[in-house]
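Taking it in order: structure first as C-alpha cells, then the write-up.
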Amino acid sequence: MFDNLKILYHQGKQFIPNVRTAQVPGIFRGRPLISLQTVDEAALTSLCPMRAITANPVAIDLGKCTFCGACAQQFPDKISFTTDYKIATNQRESLIITAGDDTPLQLNPQAMRPEIRSLFRSSLKLRQVSAGGDNSGEWELNAANNVQFDISRFGIEFVASPRHADGIVITGPIANNMAEALQICYDAVPHPKIIVLVGTDAISGGLFADSPAVNRSFLQNNTVDLYIPGNPAHPLTFINGVLSLIGA
Amino acid sequence: MNYITLLNNQTIGIAAIPEIPYDTFFEINTGFITHHPERHCVNYFGYKIGDAIKLICCIADDNAHQIYVSACVVKRETPLLALTSKLLCFEKFEREIHENFGVNFIHHPWLKPLRYAFNRFDTSQTIANYPFYSIKSEELHEVGVGPIHAGVIEPGHFRFICNGEQILHLEIQLGYQHRGMEQLFLDKKELLQRATLAENIAGDTVAGHATAFASLWESLCHFHPTRDLDFARTVAQELERIAIHTGDLSALCADIAYQLGASVFGRLRTPIVNFMQEWGGNRLSKGLIRPGYNPFPFTPALAARLLAVFDAFEPDFNEMCKQMFKLPSATSRFERTGVVSYDDVLSINAVGMAARSSGLHRDIRLSHPYCLYPELKHEPVIKRHGDVYSRVQVRKEEIKQSIEYVRKLIATLPHPQPSPSPLQQPQTDVFTITLVEAWRGEICHCAITDAHGELLIYKIKDPSFHNWMVLAMAVRNNEISDFPVSNKSFNLSYAGHDL
C-alpha cells in the first residue's frame, strides 16, 4: 500500500486546473491569423493540399484544414497559426477565417436549440461513432477523459449504449460500409439528441470527401449541433467546444 | 531467373521483374517460405493490365536482407491453384485478389470478402450479408459484438462461438472503415495530398506510414535523403512507439480494472505526445514527415527538452512497471491469457510485436534496416510465451529500448542540411517497395509508375492485415471475459486494415 501511495505522490498534481485558460505547449497550430498583405493568391490557394484556402479575400476553412502548416511555412507573412485552441463552433460558416479577422471563434446561441442548454448543462452523455476515422481523433477523445484533461469533471462522459446517450460524436468521413450502423446508432439515441462532428474528416470529408467509398448522406439528413475542427482535434478544443455548447 | 532480388527502398524497372508462368510462380514463392521461418511474404497483390491481371509477389529474406520479387500474368476466368493450399500465410492476400478482381483460387479454405472495397469485383456482396462461420449445436451460442464497440474505438464486428463462457471460435469481420485509400493515392495528384493521405492510413501510426510513403517517393524520384531527414524520421518513429506502447499499457490496466496503472501510464503518454507537438505542432506527429524536405528540423533546444522529458518520464515509468509486474492480481490476468503459439504466428505471417511475443524474430529495423537503424544495430525484443504477459513485457522493454535509442541519437545532432536537389518527377515504368517497422510491426508500401511517371498502383499493407488473425487464434479456449485484455494487448488497426 505504501508503494502505491508513493507512486501517487510521485505523480504530483496532474489535472489541468482550468481547461479554459490552459496554455498548450510548443508550436500548436490553432486558429489561424491571415494578414492583409498582398501575396500571389493563386500560388497560396493551390499550395493547400486540402483546398481549404480560398482567394479574394484570402480565407481558410477550418472545416477543411488539416493544420499541417504548409501555408504558414511558405507564406509566413501572410498566414500564421496562433495557439488558440478554442475553435469549435455551431455554425459551419463560422469556421471560415478571412484575412484581417482576429476574433476568437464563438458559438451563436441564437442558432442553438434551446433544449440543449436547459437539459444538458450539467450532464451530457455521448455515444462516439468512428465512421472511417483513422484512430487519431479517437485517441484524442480518449485523452480528453484521462487524468489530465478529465472531461468527466464537467458531467460529460462517453457511454457504451446509445440508449444512455444524449447525442453522438462522429469521427471520420463516414465510410459507406459504416453508414447504416451510424444511422441505427443515431436512431437508438432518445430525443432530444445532439450531433457533434469532430475532426476535419468528419466536418468536410477531408481528402475523402469525393471518395466513392464514402457516404455522407447522414449529414444532409440531420442537423449538426457542433463542429470541432482539428486533425485530430486537440482534447482542449473538444472540451471547450462541448462546454460552450451546453453553456457550462 | 524466375525472380529479381531487391533491397528495401530500391526502385527497378517494372520490366526487370521476371514474368513467369503460374505454376513456376507457385513453386518458387511457396518454395521460398517452406521450412524458412526467416522468410515471409511482405506483399502479394494484383493489378489490371487490359483484360489480364498481373500478380506481384514479394518475399522478404531476413537473413539475406533482400526481397525476392516475381510476377505472373493471369486471366480472371482461369482458376488458379491457391498458394494458400500449401501455405496459410497467403490466405489474406488471395482473398483480397479474389475480392478485387474475381480471380478464383482452387483449394483456398474460404474466399470470403476481405474489406468490401467500393471497387470490388462482385458488388452484390455487401457488408450486411457477410457469410459468418457457424456451428449448428444446442450447446453452443454465438455472441456478436460491433461494428460499434462499447468504447471510443474504431468499428469492426466480432462473432464469437462460445461453449458457456469459453470461446471456441472467433471470427473478425472488417471493412467498415474502408475509405478507398489506395485509389485516392492515384486520384490525388499532388505530393502534399498524398503525404496527408499516408498520415491518415492509420492515425495512430503516423510516423510509420508517413516514413514509408516519404521513403518510397524519394526512391521513386532518385532522391537520397540527407542525414537530418533520416534522423528526424527515426526519432519520430521511436517516439511514436514509446507513446503508443505507454498508452496501451494504460488501456491494458484499465481492462483488468487496475486503476492506478491505467491512470499513471495514461498520464505518462502525455509528455511524449506533447513533445511531438513542441517539435512539429501536432500531438500525433501529423505534418512532421514530408518527402524531400524536413519541415521541422530537430534543434538543439528540442534535444535538451526531450532529454528533460525522458528524465522525468523514466523514474515514474519504472516505478509503475515495477509495481504492476509484482502485483499478483495484475499478472494473473496477463499470464497464460490469449496465448498464441510460435507455429501459429509463423503460419499466419504475423509481424511486429505480435510475432516477437511468440518467439518469432521479425523486425524490419534489424532485417531490412532503413533510416538510421543500420547504425543503431537494433536487437529485437523477443519473448516466447505468446500470452498477454509476453506482449506487456515486449511493450515495456521496447519503451526502454526506444528511449535508449533516442538518447543515443540526439547525443550527436545532425546539422540541418539544405536538400541537395528538389524532388524530381518519379521515374517512369518502375516498381518500388518500402518496408518500415512501425510500433505495431512491419508496414509495406509498393508503387508502380506508368510510362508518364504517374502512379499506376499504390499498395499498402498495414501490420494489422495479418495480425487480426493472430488475435482470433489467441482468444480460443479463453473465457470471453478475457477478450478485451487480449484484444488490447495487440491493439490492432481497423483503418489500416480496411484502407
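Table: residues versus (1) of a type in the set (Ser, Thr, Tyr); (2) more than 30 Å from B:Arg95 (Cα to Cα).
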{"position": "B:Glu319", "(1), (2)": "no, yes"}
{"position": "B:Ser329", "(1), (2)": "yes, yes"}
{"position": "B:Asp343", "(1), (2)": "no, no"}
{"position": "B:Ile364", "(1), (2)": "no, no"}
{"position": "B:Glu375", "(1), (2)": "no, yes"}
{"position": "B:Gly386", "(1), (2)": "no, no"}
{"position": "B:Lys396", "(1), (2)": "no, yes"}
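Taking A:Gln106 as the residue in question, decide whether it is away from chain B (no Cβ under 14 Å) and farther than 24 Å from A:Asp134 by Cα.
yes
Could you tell me which of the residues A:Asp102, A:Asp134, A:Asp150, A:Asp166 is surrounded by 14 or more Cβ atoms within 10 Å (Cβ to Cβ) and touching a Leu at 6+ places or on another chain (Cβ under 8 Å)?
A:Asp166
Do you know which residues across segment B:153-185 are part of a loop (DSSP other than H, G, I, E, B) and either of a type outside the set (Gly, Ala, Ser) or over 18 Å from B:Ser464 (Cα atoms) (or both)?
Listed by number, the residues that qualify are B:Ile153, B:Glu154, B:Pro155, B:Gly164, B:Glu165, B:Leu174, B:Tyr176, B:Gln177, B:His178, B:Arg179.
Can you name every residue in segment A:223-239 that is more than 14 Å from every other protein chain (Cβ to nearest Cβ), in contact with a helix residue (DSSP H, G or I) (Cβ under 9 Å, 6 or more places away or on another chain) and hydroxyl-bearing (Ser, Thr, Tyr)?
A:Tyr227
Test each condition in (1) buried (at least 22 other Cβ atoms within 10 Å of the Cβ); (2) of a type in the set (A, V, I, L, M, F, W, C); (3) away from chain A (no Cβ under 14 Å); (4) touching a Phe, Trp or Tyr at 6+ places or on another chain (Cβ under 8 Å) for B:Leu220 and report the one that comes out false.
Against the list (1) buried (at least 22 other Cβ atoms within 10 Å of the Cβ); (2) of a type in the set (A, V, I, L, M, F, W, C); (3) away from chain A (no Cβ under 14 Å); (4) touching a Phe, Trp or Tyr at 6+ places or on another chain (Cβ under 8 Å), B:Leu220 comes up short only on (4).
Within segment B:151-177, can you find the residues that are at the interface with another protein chain (Cβ under 8 Å from one of its Cβ atoms) and either among the polar types (S, T, N, Q) or touching a His at 6+ places or on another chain (Cβ under 9 Å) (or both)?
Hits for segment B:151-177 are B:Pro155, B:Gly175, B:Tyr176, B:Gln177.
Of the conditions (1) assigned to a strand (DSSP E or B); (2) among the hydroxyl-bearing types (Ser, Thr, Tyr); (3) over 22 Å from the mean Cα position of the chain (by Cα), B:Thr78 clears all except one; give me its number.
Condition not satisfied by B:Thr78: (1).
Go through (1) in contact (Cβ under 8 Å) with a residue 24 or more places away in the chain; (2) farther than 21 Å from A:Ser122 by Cα for A:Asp210 and report which single condition fails.
It fails just one condition, (1).
Need at least 1 residues that are within 14 Å of another protein chain (Cβ to nearest Cβ), in contact (Cβ under 8 Å) with a residue 60 or more places away in the chain and under 24 Å from B:Tyr405 (Cβ atoms) per element, so show me which helices (runs of 4 or more DSSP H) inside segment B:285-359 make the cut, counting only ones lying wholly within it.
Answer list for segment B:285-359: B:300-325.
Could you tell me whether any residue of segment A:12-33 is in contact (Cβ under 8 Å) with a residue 12 or more places away in the chain, more than 18 Å from the chain's Cα centre (by Cα) and closer than 16 Å to A:Pro229 by Cβ?
For segment A:12-33, residues in contact (Cβ under 8 Å) with a residue 12 or more places away in the chain, more than 18 Å from the chain's Cα centre (by Cα) and closer than 16 Å to A:Pro229 by Cβ: present.
Enumerate the strands (runs of 3 or more DSSP E) found wholly within segment A:22-86, keeping only those where 2 or more residues are crowded, with 21+ Cβ neighbours inside 10 Å.
Result: A:32-34, A:59-61.
Only one of (1) surrounded by fewer than 21 Cβ atoms within 10 Å (Cβ to Cβ); (2) modelled with pLDDT of 95 or more fails for B:His35. Which number is that?
Failing condition for B:His35: (2).
Quick one: would you say B:Ile244 is in contact (Cβ under 8 Å) with a residue 12 or more places away in the chain, away from every other protein chain (no Cβ under 12 Å) and of a type in the set (Val, Ile, Thr)?
Considered against the rule, which asks whether it is in contact (Cβ under 8 Å) with a residue 12 or more places away in the chain, away from every other protein chain (no Cβ under 12 Å) and of a type in the set (Val, Ile, Thr), B:Ile244 comes out as no.
Take segment B:458-487 and flag every residue that is among the charged types (D, E, K, R) and buried (at least 24 other Cβ atoms within 10 Å of the Cβ).
Taking segment B:458-487 and keeping what is among the charged types (D, E, K, R), we get B:459, B:461-462, B:476, B:479, B:482.
Correct list: B:Lys461, B:Asp462.
Of the numbered conditions (1) among the hydrophobic types (A, V, I, L, M, F, W, C); (2) farther than 23 Å from A:Trp139 by Cβ; (3) more than 8 Å from chain A (Cβ to nearest Cβ), B:Ala210 satisfies every one except a single condition; which is it?
(2)
In contact with a His (Cβ under 8 Å, 6 or more places away or on another chain) and in the same structural domain as B:Pro297 (by TED's automatic domain parsing) - does that describe any residue in segment B:227-248? Let's see the steps before the verdict.
Narrowing segment B:227-248 to residues in contact with a His (Cβ under 8 Å, 6 or more places away or on another chain): B:228.
Filter once more, keeping what is in the same structural domain as B:Pro297 (by TED's automatic domain parsing): B:228.
Taking every residue of segment B:227-248 in turn, at least one turns out to be in contact with a His (Cβ under 8 Å, 6 or more places away or on another chain) and in the same structural domain as B:Pro297 (by TED's automatic domain parsing).
Going by the conditions given, is B:Leu197 in the same structural domain as B:Gly287 (by TED's automatic domain parsing), surrounded by fewer than 18 Cβ atoms within 10 Å (Cβ to Cβ), within 24 Å of the chain's Cα centre (by Cα) and not in a strand (DSSP E or B)?
no
So which of A:Asp210, A:Asp187 ends up being surrounded by fewer than 24 Cβ atoms within 10 Å (Cβ to Cβ), over 22 Å from B:Tyr494 (Cβ atoms), within 13 Å of another protein chain (Cβ to nearest Cβ) and modelled with pLDDT of 95 or more?
A:Asp187
The values are calculated or read from the model by the stated rules, or taken from the named source; none is laboratory data. Everything numeric in this text was worked out from a predicted model, so none of it was measured. Please note: Cβ atoms are built from the backbone with ideal geometry, for glycine as well, and neighbour counts cover all protein chains shown.
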